[in-house]
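S.K.: Supplied in C-alpha coordinates, the structure appears directly below.
The values are calculated or read from the model by the stated rules, or taken from the named source; none is laboratory data. None of these values were measured; they are calculated from a predicted model. Backbone-built Cβ (ideal geometry, glycine too); neighbour counts: all protein chains shown. These accessible areas exclude ligands, DNA and RNA; they are computed on the full protein's heavy atoms, side chains included. Shrake-Rupley method; radii C 1.70, N 1.55, O 1.52, S 1.80 Å.
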Amino acid sequence: MLALLCASLALPQAAAAQQRGDCELHVWTTNAYAAVYHGAEVGPGPGEGGYSVTTYLARMEPIRKRLADAIDETVQADAIRAMTLGTQGRFAGYRLIFHTAPAQAKYSNWTDKNVGAGGRDTDSTSSCYAELHTVFIALFRTAISKKIQTGFLFRDFGANPTVTFGIADASSTGAAAFKTNDEEKSDAARSDLRAAFQENLRIFLRKKKMMPRR
(Lines give C-alpha, C1' and ligand atoms only; values in the text may rest on other atoms or scores of the structure.)
Protein backbone atom coordinates (compact mmCIF):
# COMPACT_ATOMS: atom_id res chain seq x y z
CA MET A 1 0.00 0.00 0.00
CA LEU A 2 2.80 2.39 0.91
CA ALA A 3 4.58 1.63 -2.39
CA LEU A 4 1.41 2.40 -4.36
CA LEU A 5 0.96 5.67 -2.44
CA CYS A 6 4.54 6.71 -3.17
CA ALA A 7 4.11 5.88 -6.85
CA SER A 8 0.89 7.93 -7.08
CA LEU A 9 2.55 10.91 -5.40
CA ALA A 10 5.51 10.67 -7.79
CA LEU A 11 3.41 10.91 -10.96
CA PRO A 12 2.69 14.68 -10.69
CA GLN A 13 6.40 15.31 -10.07
CA ALA A 14 7.34 13.41 -13.21
CA ALA A 15 4.69 15.20 -15.29
CA ALA A 16 5.88 18.60 -14.08
CA ALA A 17 9.50 17.69 -14.83
CA GLN A 18 8.54 16.59 -18.34
CA GLN A 19 6.83 19.92 -18.98
CA ARG A 20 9.99 21.72 -17.83
CA GLY A 21 12.16 19.51 -20.02
CA ASP A 22 13.95 18.06 -16.99
CA CYS A 23 13.35 14.39 -17.84
CA GLU A 24 16.23 11.99 -18.41
CA LEU A 25 16.29 8.94 -20.70
CA HIS A 26 19.46 6.95 -20.03
CA VAL A 27 20.40 4.83 -23.04
CA TRP A 28 22.72 1.82 -23.10
CA THR A 29 24.20 0.31 -26.24
CA THR A 30 25.20 -3.36 -26.39
CA ASN A 31 28.31 -5.39 -27.10
CA ALA A 32 26.36 -8.69 -27.17
CA TYR A 33 26.09 -10.08 -30.70
CA ALA A 34 24.98 -13.41 -32.10
CA ALA A 35 24.63 -15.11 -35.49
CA VAL A 36 22.55 -18.24 -35.83
CA TYR A 37 21.64 -20.48 -38.75
CA HIS A 38 18.64 -22.73 -38.35
CA GLY A 39 17.32 -24.84 -41.17
CA ALA A 40 17.28 -28.08 -43.12
CA GLU A 41 20.22 -29.44 -45.05
CA VAL A 42 20.43 -32.26 -47.56
CA GLY A 43 22.39 -35.24 -46.32
CA PRO A 44 22.24 -38.13 -43.89
CA GLY A 45 19.79 -37.42 -41.16
CA PRO A 46 16.56 -38.41 -39.50
CA GLY A 47 14.35 -36.26 -41.72
CA GLU A 48 12.40 -37.70 -44.64
CA GLY A 49 14.41 -37.73 -47.88
CA GLY A 50 17.74 -37.30 -46.13
CA TYR A 51 17.06 -33.85 -44.66
CA SER A 52 18.30 -32.90 -41.23
CA VAL A 53 17.23 -29.86 -39.23
CA THR A 54 20.27 -28.17 -37.77
CA THR A 55 21.13 -25.09 -35.72
CA TYR A 56 24.65 -23.71 -36.20
CA LEU A 57 26.47 -21.31 -33.90
CA ALA A 58 30.17 -22.07 -34.36
CA ARG A 59 29.95 -22.01 -38.15
CA MET A 60 28.37 -18.53 -37.92
CA GLU A 61 31.14 -17.08 -35.73
CA PRO A 62 32.84 -15.16 -38.59
CA ILE A 63 29.47 -13.58 -39.44
CA ARG A 64 28.89 -12.68 -35.78
CA LYS A 65 32.24 -10.85 -35.77
CA ARG A 66 31.34 -8.98 -38.97
CA LEU A 67 28.01 -8.02 -37.44
CA ALA A 68 29.73 -6.70 -34.32
CA ASP A 69 32.16 -4.68 -36.44
CA ALA A 70 29.47 -3.22 -38.69
CA ILE A 71 27.11 -2.08 -35.93
CA ASP A 72 29.36 -1.43 -32.99
CA GLU A 73 28.41 0.69 -29.99
CA THR A 74 29.35 3.96 -31.71
CA VAL A 75 27.11 3.14 -34.67
CA GLN A 76 24.26 2.20 -32.32
CA ALA A 77 24.53 5.46 -30.37
CA ASP A 78 24.69 7.56 -33.53
CA ALA A 79 21.66 5.72 -34.94
CA ILE A 80 19.61 6.40 -31.80
CA ARG A 81 20.65 10.06 -31.71
CA ALA A 82 19.53 10.46 -35.33
CA MET A 83 16.03 9.29 -34.34
CA THR A 84 15.57 12.40 -32.14
CA LEU A 85 13.57 10.47 -29.55
CA GLY A 86 13.48 13.46 -27.21
CA THR A 87 11.21 15.40 -29.55
CA GLN A 88 8.34 12.96 -29.97
CA GLY A 89 6.00 10.41 -28.43
CA ARG A 90 6.58 9.11 -24.93
CA PHE A 91 9.99 10.78 -24.69
CA ALA A 92 9.04 14.30 -25.80
CA GLY A 93 10.98 16.66 -23.54
CA TYR A 94 13.48 14.02 -22.40
CA ARG A 95 17.22 14.58 -22.47
CA LEU A 96 19.10 11.51 -23.74
CA ILE A 97 22.18 10.43 -21.81
CA PHE A 98 24.28 7.64 -23.35
CA HIS A 99 26.21 4.88 -21.60
CA THR A 100 28.46 2.15 -22.98
CA ALA A 101 27.59 -1.47 -22.41
CA PRO A 102 28.84 -2.99 -19.14
CA ALA A 103 31.52 -5.65 -19.41
CA GLN A 104 29.13 -8.11 -17.81
CA ALA A 105 25.69 -7.92 -19.38
CA LYS A 106 23.20 -7.20 -16.61
CA TYR A 107 20.01 -8.13 -18.47
CA SER A 108 21.16 -11.01 -20.65
CA ASN A 109 18.35 -13.18 -19.26
CA TRP A 110 15.91 -10.72 -20.74
CA THR A 111 13.05 -13.26 -21.08
CA ASP A 112 12.87 -13.59 -17.28
CA LYS A 113 9.54 -12.07 -16.22
CA ASN A 114 11.36 -10.19 -13.45
CA VAL A 115 14.09 -8.77 -15.68
CA GLY A 116 14.56 -5.07 -15.02
CA ALA A 117 13.18 -5.15 -11.48
CA GLY A 118 14.98 -3.09 -8.88
CA GLY A 119 16.68 0.27 -8.68
CA ARG A 120 18.18 2.74 -11.11
CA ASP A 121 21.36 1.85 -12.97
CA THR A 122 22.82 5.32 -12.44
CA ASP A 123 23.17 7.66 -9.47
CA SER A 124 20.78 10.19 -11.04
CA THR A 125 18.10 11.57 -8.69
CA SER A 126 15.98 13.05 -11.48
CA SER A 127 12.25 13.26 -10.71
CA CYS A 128 11.52 12.12 -14.27
CA TYR A 129 13.84 9.23 -15.06
CA ALA A 130 13.79 6.28 -17.49
CA GLU A 131 16.21 3.77 -19.02
CA LEU A 132 16.43 2.17 -22.44
CA HIS A 133 18.79 -0.81 -22.73
CA THR A 134 19.83 -2.47 -25.96
CA VAL A 135 20.27 -6.06 -24.76
CA PHE A 136 21.55 -7.84 -27.89
CA ILE A 137 21.79 -7.73 -31.68
CA ALA A 138 21.52 -11.01 -33.56
CA LEU A 139 21.38 -12.26 -37.12
CA PHE A 140 18.97 -15.16 -37.61
CA ARG A 141 19.32 -16.96 -40.92
CA THR A 142 17.33 -19.82 -42.36
CA ALA A 143 17.41 -21.39 -45.81
CA ILE A 144 14.87 -18.81 -47.04
CA SER A 145 15.22 -15.72 -44.85
CA LYS A 146 17.61 -13.48 -42.98
CA LYS A 147 16.64 -11.12 -40.19
CA ILE A 148 18.39 -8.76 -37.82
CA GLN A 149 16.83 -9.10 -34.37
CA THR A 150 17.39 -6.63 -31.55
CA GLY A 151 16.38 -7.09 -27.92
CA PHE A 152 15.42 -4.05 -25.86
CA LEU A 153 14.53 -3.39 -22.24
CA PHE A 154 12.70 -0.24 -21.13
CA ARG A 155 12.53 0.72 -17.46
CA ASP A 156 10.49 3.70 -16.24
CA PHE A 157 10.91 5.19 -12.77
CA GLY A 158 9.30 8.62 -12.81
CA ALA A 159 10.44 10.12 -9.51
CA ASN A 160 10.79 6.74 -7.78
CA PRO A 161 14.09 5.07 -6.85
CA THR A 162 12.79 1.69 -8.04
CA VAL A 163 11.23 0.78 -11.37
CA THR A 164 7.46 1.37 -11.74
CA PHE A 165 7.05 0.01 -15.28
CA GLY A 166 9.14 -2.19 -17.54
CA ILE A 167 8.92 -4.01 -20.83
CA ALA A 168 11.38 -6.37 -22.55
CA ASP A 169 10.88 -7.48 -26.13
CA ALA A 170 12.65 -8.08 -29.43
CA SER A 171 12.00 -6.79 -32.95
CA SER A 172 13.18 -8.19 -36.29
CA THR A 173 13.88 -6.52 -39.65
CA GLY A 174 15.59 -7.57 -42.86
CA ALA A 175 19.00 -6.25 -43.91
CA ALA A 176 19.38 -7.30 -47.54
CA ALA A 177 22.73 -5.60 -48.15
CA PHE A 178 24.44 -7.52 -45.33
CA LYS A 179 25.56 -10.63 -47.22
CA THR A 180 26.38 -13.58 -45.01
CA ASN A 181 28.42 -15.21 -47.80
CA ASP A 182 30.47 -12.09 -48.58
CA GLU A 183 33.33 -10.95 -46.36
CA GLU A 184 33.51 -7.48 -47.93
CA LYS A 185 32.91 -4.66 -45.45
CA SER A 186 30.72 -2.51 -47.67
CA ASP A 187 29.16 0.86 -46.82
CA ALA A 188 25.85 -0.50 -48.07
CA ALA A 189 25.93 -3.36 -45.57
CA ARG A 190 26.76 -1.02 -42.69
CA SER A 191 24.01 1.38 -43.74
CA ASP A 192 21.48 -1.45 -44.02
CA LEU A 193 22.33 -2.77 -40.57
CA ARG A 194 22.03 0.71 -39.08
CA ALA A 195 18.63 1.15 -40.72
CA ALA A 196 17.50 -2.28 -39.47
CA PHE A 197 18.61 -1.40 -35.94
CA GLN A 198 16.64 1.85 -36.07
CA GLU A 199 13.56 0.12 -37.46
CA ASN A 200 13.71 -2.49 -34.72
CA LEU A 201 13.76 0.27 -32.13
CA ARG A 202 10.82 2.01 -33.82
CA ILE A 203 8.85 -1.26 -33.74
CA PHE A 204 9.64 -1.64 -30.03
CA LEU A 205 8.62 1.92 -29.23
CA ARG A 206 5.36 1.56 -31.19
CA LYS A 207 4.19 -1.29 -28.99
CA LYS A 208 0.95 -0.46 -27.21
CA LYS A 209 2.57 -0.61 -23.77
CA MET A 210 5.13 1.98 -24.87
CA MET A 211 2.56 4.60 -25.86
CA PRO A 212 2.77 7.94 -24.00
CA ARG A 213 1.13 7.89 -20.61
CA ARG A 214 -2.07 9.92 -20.19
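S.K.: What's the carbon and sulfur percent of region 99-209's accessible surface, probe 1.4 angstrom, rounded to a whole number?
M.R.: Answer for region 99-209 is 48 percent, counting heavy atoms of protein chains only.
S.K.: If amide hydrogens are placed 1.01 Å from N in the peptide plane, which non-local residues have theirs closer than 5 Å to the one on Ser108?
M.R.: Under 5 Å from the amide H of Ser108 lies no amide H from a residue far enough along the sequence or on another chain.
S.K.: For region 94-100, in order, what is each residue's ³J(HN,Hα) by Karplus, 6.51 cos²θ - 1.76 cosθ + 1.60 with θ = phi - 60°, in whole Hz (x at glycine and Pro)?
M.R.: Once rounded to whole Hz, the list reads 7, 9, 8, 10, 9, 10, 7.
S.K.: Round to the nearest 0.05 the FRET efficiency obtained for Asn114 and Lys179 when R0 = 41 Å and r is the Cβ-Cβ distance.
M.R.: With R0 = 41 Å, the Cβ-Cβ based efficiency is 0.55.
S.K.: On to the next question. For region 67-91 and region 184-204, what is the separation of their C-alpha centers, rounded to whole Å?
M.R.: One Cα centre to the other: 10 Å.
S.K.: What is the spin-label model distance, in nm, from Ile97 to Ala143 if the labels are put 7 Å beyond Cα along the C-beta direction?
M.R.: It works out to 5.2 nm between the two label points.
S.K.: Here are some pairs, Lys65/Lys147; Lys146/Lys179; Lys65/Lys207; Lys179/Lys207; Lys147/Lys179; Lys147/Lys209; which of them have Cα atoms lying more than 19 Å apart in this structure?
M.R.: Over 19 Å apart, Cα to Cα: Lys65/Lys207; Lys179/Lys207; Lys147/Lys209.
S.K.: Kirkwood hydrodynamic radius for region 74-214: how many Å is it when counted over pairs of different Cα atoms?
M.R.: 16.4 Å
S.K.: Ok, one more. Based on the Cβ-Cβ distance of Arg90 and Thr122, what FRET efficiency does E = 1/(1 + (r/R0)^6) give at R0 = 22 Å, to the nearest 0.05?
M.R.: On the way: r = 19 Å, r/R0 = 0.88.
So the FRET efficiency works out to roughly 0.70.
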